[in-house]
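Sharing a structure here in structure tokens format.
The values are calculated or read from the model by the stated rules, or taken from the named source; none is laboratory data. Owing to the predicted nature of the structure, the values given are computational and were not obtained by experimental measurement. Virtual Cβ from ideal backbone geometry, glycine too; neighbours counted across all protein chains shown. Ligands, DNA and RNA are excluded from the accessible area calculation, which covers all protein heavy atoms including side chains. Shrake-Rupley method; radii C 1.70, N 1.55, O 1.52, S 1.80 Å.
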Amino acid sequence: MTITRRAPDDEDVAIDIKFAGICHSDIHTARNEWGRTTYPQVVGHEIAGVVNAVGKNVTKFKVGDHVGIGCMVNSCRQCANCVDGEEQYCTSGLVLTYNSTDPKDGTITQGGYSQYIVVDQAFVLSVPESIPLDKAAPLMCAGITLYSPLNHWKAGPGKRVGIIGFGGLGHMGVKLAKALGSEVTVFSQTNSKKELGLRFGADDYVATSEPDAFSKLGQRFDIIINTVSAKIPLDLYLSCLRRDGTLIQVGAPEDQLQISPSSLYAHRVGVHGSMIGGIAETQKMLDLCGEKQIFPEIETIPASYINEAYERVMKSDVKFRFVIDVSTM
């Protein structure tokens, strides 16, 4: 299929896309599982590429720069959240990278499974030269989805962080929490990924299917991040939080969360949600990854393999993130 991008205006950056990561949200949207897809639709919001042209008012980028695009390409820029640099929570004009209405020309936005994109400079991210472009792509969604709650709830030295799930999101949570100086524990169903978890920086690894998995943990954690999209016994995890600890939900299960009120008031713990981060926070994450050499584990694929990749994602048969080499289109 051929799509047409708008002509770049004075504030726009035109980008040759080199790599595009596959996110579970792409699958939901492509298959209209959320019931909001406008077809024809090109998905993909983990985009890494090279600038090929800039508008006359663009000051942040030049031709040849390595750049990234994440889940959003515009916002109202006037609501309280936008003013605070939390554009992802824009209340009146958030424009997603795909399946949204572009206010500049009224078209439906099309994502990164394509060769070229035009984006306002305010929503373009600078990719440090120390990050390979193929590994930069998943940072635009998977990376910032985990970095944002770690940053907001102040993970760092002296903090104990638990990561539930060790897939595309979870493995980035381990790497980022460790880079921030936290003590990190992985919660996964089995020990099948234990060696990898410890290699990626985890201090401990808990196989939750074992009968005594939670009995030894007590009130151990300051922060627990749930990356899984399945129904799990959250009360057990809440019992592992210290007083005033926080469980943060970033996975998107189809079923409603089930929590006993006593799990909350017993130790004054909280349950919060988190999406991606704002543009400034995402840039901060990219700079950290460039400095500390924190990269996602990826399997690079040609465009012809996308359908097979989707099926493997649904079966959790990927270690840990698929990235499309756009040059194969």
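Give all pairs with beta carbons closer than 7 Å in which a residue from the range 1-26 that is over 18 Å from Ala142 (Cβ atoms) meets a residue that is in a loop (DSSP other than H, G, I, E, B) and aliphatic (A, V, I, L, M); count only pairs at least 6 apart in sequence or on separate chains.
Ile3/Val42; Glu11/Val58; Val13/Val58; Val13/Val124
Within the range 86-107, which residues are open to solvent by 70 Å² or more (accessible area, probe 1.4 Å) and either within 22 Å of Thr145 (Cβ to Cβ) or touching a helix residue (DSSP H, G or I) at 6+ places or on another chain (Cβ under 8 Å) (or both)?
Passing the criteria: Tyr89, Thr91, Leu96.
Considering only the range 228-329, give the strands (runs of 3 or more DSSP E) lying wholly within it that have at least 1 residues that are modelled with pLDDT under 95. Walk me through it before giving the result.
On the way: elements: 241-249, 270-273, 298-301, 321-325.
Counting at least 1 such residues, we get no strands (runs of 3 or more DSSP E) at all.
Which one of Gly245, Gly218, Gly270 is more than 17 Å from the chain's Cα centre (by Cα), free of Cβ contacts under 8 Å to residues at least 24 places away in the same chain and over 19 Å from Cys71 (Cβ atoms)? Spell out the reasoning first.
Details: Gly245 fails: free of Cβ contacts under 8 Å to residues at least 24 places away in the same chain; Gly270 fails: free of Cβ contacts under 8 Å to residues at least 24 places away in the same chain.
When all the criteria are applied, what remains is Gly218.
If you take the residues in the range 206-227 that are within 19 Å of Gly156 (Cα to Cα) and either part of a loop (DSSP other than H, G, I, E, B) or not hydrophobic (A, V, I, L, M, F, W, C) (or both), which one is most open to solvent (accessible area, probe 1.4 Å)?
At the first step, the residues of the range 206-227 found to be within 19 Å of Gly156 (Cα to Cα) are 219-226.
Filter once more, so that each one left must be either part of a loop (DSSP other than H, G, I, E, B) or not hydrophobic (A, V, I, L, M, F, W, C) (or both): 219-220, 222, 226.
Details: Gln219: 98, Arg220: 44, Asp222: 32, Asn226: 2 Å².
Of everything passing the filter in the range 206-227, Gln219 is most open to solvent (accessible area, probe 1.4 Å).
Looking at Glu308, Glu297 in this structure, which one is over 27 Å from Glu129 (Cα atoms) and either open to solvent by 70 Å² or more (accessible area, probe 1.4 Å) or within 20 Å of the chain's Cα centre (by Cα) (or both)?
Numbers: Glu297 fails: over 27 Å from Glu129 (Cα atoms).
Among Glu308, Glu297, only Glu308 is over 27 Å from Glu129 (Cα atoms) and either open to solvent by 70 Å² or more (accessible area, probe 1.4 Å) or within 20 Å of the chain's Cα centre (by Cα) (or both).
Right, another one. Determine if the range 55-63 includes at least one residue that is surrounded by fewer than 18 Cβ atoms within 10 Å (Cβ to Cβ), touching a Pro at 6+ places or on another chain (Cβ under 6 Å) and over 19 Å from Asp325 (Cβ atoms).
Yes, some residue in the range 55-63 is surrounded by fewer than 18 Cβ atoms within 10 Å (Cβ to Cβ), touching a Pro at 6+ places or on another chain (Cβ under 6 Å) and over 19 Å from Asp325 (Cβ atoms).
While we're here: Does any residue of the range 65-72 turn out to be free of Cβ contacts under 8 Å to residues at least 60 places away in the same chain and touching a Gly at 6+ places or on another chain (Cβ under 9 Å)? Show your work before the answer.
First, the residues of the range 65-72 that are free of Cβ contacts under 8 Å to residues at least 60 places away in the same chain: none.
Taking every residue of the range 65-72 in turn, none turns out to be free of Cβ contacts under 8 Å to residues at least 60 places away in the same chain and touching a Gly at 6+ places or on another chain (Cβ under 9 Å).
What are the residues in the range 64-85 that are open to solvent by less than 60 Å² (accessible area, probe 1.4 Å), more than 23 Å from Thr38 (Cβ to Cβ) and part of a loop (DSSP other than H, G, I, E, B), if any? Lay out the reasoning, then the answer.
Going residue by residue through the range 64-85, those that are open to solvent by less than 60 Å² (accessible area, probe 1.4 Å) are 64-76, 79, 81-82, 85.
Add one more test, that the residue is more than 23 Å from Thr38 (Cβ to Cβ), and what stays is 64-68, 79, 81-82, 85.
Scanning the range 64-85 gives Gly64, Asp65, Cys79, Gly85.
To keep it simple, each residue is scored yes or no on (1) part of a loop (DSSP other than H, G, I, E, B); (2) free of Cβ contacts under 8 Å to residues at least 40 places away in the same chain; (3) closer than 13 Å to Val250 by Cβ; (4) polar (S, T, N, Q).
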position: Asn99; (1), (2), (3), (4): yes, no, no, yes
position: Tyr113; (1), (2), (3), (4): yes, no, no, no
position: Pro128; (1), (2), (3), (4): yes, no, no, no
position: Leu139; (1), (2), (3), (4): no, no, no, no
position: Ile144; (1), (2), (3), (4): no, no, yes, no
position: Leu150; (1), (2), (3), (4): no, no, yes, no
position: Pro157; (1), (2), (3), (4): yes, yes, no, no
position: Ile163; (1), (2), (3), (4): no, no, yes, no
position: Val184; (1), (2), (3), (4): no, yes, no, no
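Oh, and also: Of everything in the range 315-329, what is in contact (Cβ under 8 Å) with a residue 60 or more places away in the chain, out of contact with any Phe, Trp or Tyr (no Cβ under 6 Å at 6 or more places or on another chain) and within 17 Å of His171 (Cα to Cα)? Give them in sequence order.
Across the range 315-329, the qualifying residues are Ser316, Val318, Lys319, Phe320, Arg321, Phe322.
Here's a follow-up. For the range 128-145, which residues satisfy the criterion of being open to solvent by 10 Å² or more (accessible area, probe 1.4 Å) and in contact with a Pro (Cβ under 7 Å, 6 or more places away or on another chain)?
Passing the criteria: only Lys135.
Within the range 183-192, does at least one residue satisfy the condition of being modelled with pLDDT of 95 or more, open to solvent by 30 Å² or more (accessible area, probe 1.4 Å) and over 30 Å from Lys60 (Cα atoms)?
Yes - at least one qualifying residue is present in the range 183-192.
Quick check: is even one residue across the range 109-127 open to solvent by 20 Å² or more (accessible area, probe 1.4 Å), under 25 Å from Trp34 (Cα atoms) and of a type outside the set (Ser, Thr, Tyr)?
Yes, some residue in the range 109-127 is open to solvent by 20 Å² or more (accessible area, probe 1.4 Å), under 25 Å from Trp34 (Cα atoms) and of a type outside the set (Ser, Thr, Tyr).
Please enumerate the residues belonging to the range 261-289 that are among the small types (Gly, Ala, Ser) and open to solvent by less than 40 Å² (accessible area, probe 1.4 Å). Don't jump to the end; show me each part of the working.
Taking the range 261-289 and keeping what is among the small types (Gly, Ala, Ser), we get 262-263, 266, 270, 273-274, 277-278, 280.
Those that are among the small types (Gly, Ala, Ser) and open to solvent by less than 40 Å² (accessible area, probe 1.4 Å): Ser263, Gly270, Ser274, Gly277, Gly278.
What do you reckon, is Val13 over 24 Å from Gly277 (Cα atoms) and surrounded by 13 or more Cβ atoms within 10 Å (Cβ to Cβ)? Quick ask: steps written out before the conclusion?
On the way: over 24 Å from Gly277 (Cα atoms): no; surrounded by 13 or more Cβ atoms within 10 Å (Cβ to Cβ): yes.
Taking the combined requirement at face value, the residue does not satisfy it.
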